[in-house]
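*Asks:* One structure, pasted below without further comment.
The values are calculated or read from the model by the stated rules, or taken from the named source; none is laboratory data. Just so it is clear, the structure is predicted and the values come from calculations on it, not from any experiment. As a convention, Cβ positions derive from the backbone with ideal geometry for all residues, glycine included, and neighbour counts pool all protein chains shown.
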Ligand code: NDP
């Protein structure tokens, strides 16, 4: 039995090359559950795994794809049986384990969650790791007191995957949403998702000069990090929180402790990879309930396995808008 997979190989000079190949099922790794993958997607990390490996991929040949949705084909884990619809995100699948850019994947039963009621496998991958992480960020902001009516909530990297889902979710939950983007041409798209204000990236690109600026944001979902996050911390309202999700603009955080001491603001770390099962299920159920499916569809760019090498390079350059949904079949 063979199946189609996007394989990344590394040559003797250390250069990687990705191509779609027909491979034998015996090459699938060890695992309890074999899944017939229907859809996967493209996240920033996939961009790294499709190109340089970014220090994430340890062995080659490799099948990237940090998330997928599909149907269980066979299982030795009593929790899963053939025919179950499942979703996988995180657990370093697609990095140290073979991932979702294939018609079949074999994984540990522990890593799967049931497809949430009300979502198709395609919709689950339109959400993907990026969208799940946005939901985790919104839940963390809510757990720290964010309520609609508190003022504008800022989303950085807004036209990207994490950002797009965060904009749509927050707007649907009744928040006023301000979207930071470096792409002026994305304005209509972001307003369509529910942003009521567009903040040009350049307004938050200069390093911190004053530790406290005027109190502006009731919360922030930050996909960018670096200088932008440092600036946002000084602009949060008293007691407000920023959820640190990503580093698309840099991993360094040069700031002062003043906003924490004088305004009681919070910096909340968001990790989707090792998130416990219960909280994943809680987040997926919130997505099925709170994310408007028409807005989700407006974010989708369809793709096939063969499109992925070019898309991997594009996402690393910040050129992918919204969410790519990969039909692996
Ligand atoms: P995308 O590339 O889709 O989105 C990133 C967005 O950031 C871009 O679209 C762009 O938005 C903005 N951006 C890019 N480069 C810069 C820059 N130099 N300065 C300022 N803004 C920039 O990626 P994802 O949405 O998939 O991921 C976003 C981040 O979140 C990544 O760093 C990723 O690793 C991280 N992440 C973390 C997770 C976790 O568990 N913590 C899970 C998922 C993602 P615009 O064009 O609108 O300005």
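*Asks:* Can you tell me which residue in the range 312-329 is farthest from residue 3 (Cα to Cα), limited to those that are crowded, with 19+ Cβ neighbours inside 10 Å and more than 9 Å from the ligand (Cβ to nearest atom)?
*Replies:* Ranking the candidates gives 312 first.
*Asks:* Within the range 176-195, take every residue that is farther than 15 Å from residue 134 by Cβ and in contact with a strand residue (DSSP E or B) (Cβ under 6 Å, 6 or more places away or on another chain) and give me the one that is farthest from the ligand (Cβ to nearest atom).
*Replies:* My answer is 178.
*Asks:* Within the range 79-87, is there a residue that is under 25 Å from the mean Cα position of the chain (by Cα), closer than 26 Å to residue 126 by Cβ and either within 16 Å of the ligand (Cβ to nearest atom) or in contact (Cβ under 8 Å) with a residue 60 or more places away in the chain (or both)?
*Replies:* Yes, some residue in the range 79-87 is under 25 Å from the mean Cα position of the chain (by Cα), closer than 26 Å to residue 126 by Cβ and either within 16 Å of the ligand (Cβ to nearest atom) or in contact (Cβ under 8 Å) with a residue 60 or more places away in the chain (or both).
*Asks:* Please enumerate the residues belonging to the range 121-175 that are surrounded by fewer than 24 Cβ atoms within 10 Å (Cβ to Cβ), within 13 Å of the ligand (Cβ to nearest atom) and part of a loop (DSSP other than H, G, I, E, B).
*Replies:* None; the set is empty.
*Asks:* Still on this structure: Taking into account only those residues within the range 1-43 that are under 21 Å from the mean Cα position of the chain (by Cα) and either at pLDDT below 95 or in a loop (DSSP other than H, G, I, E, B) (or both), which is surrounded by the fewest Cβ atoms within 10 Å (Cβ to Cβ)?
*Replies:* 43
*Asks:* Exactly one condition in (1) away from the ligand (no atom under 16 Å from the Cβ); (2) crowded, with 17+ Cβ neighbours inside 10 Å is not met by residue 256; state its number.
*Replies:* (2) is the only condition that residue 256 fails.
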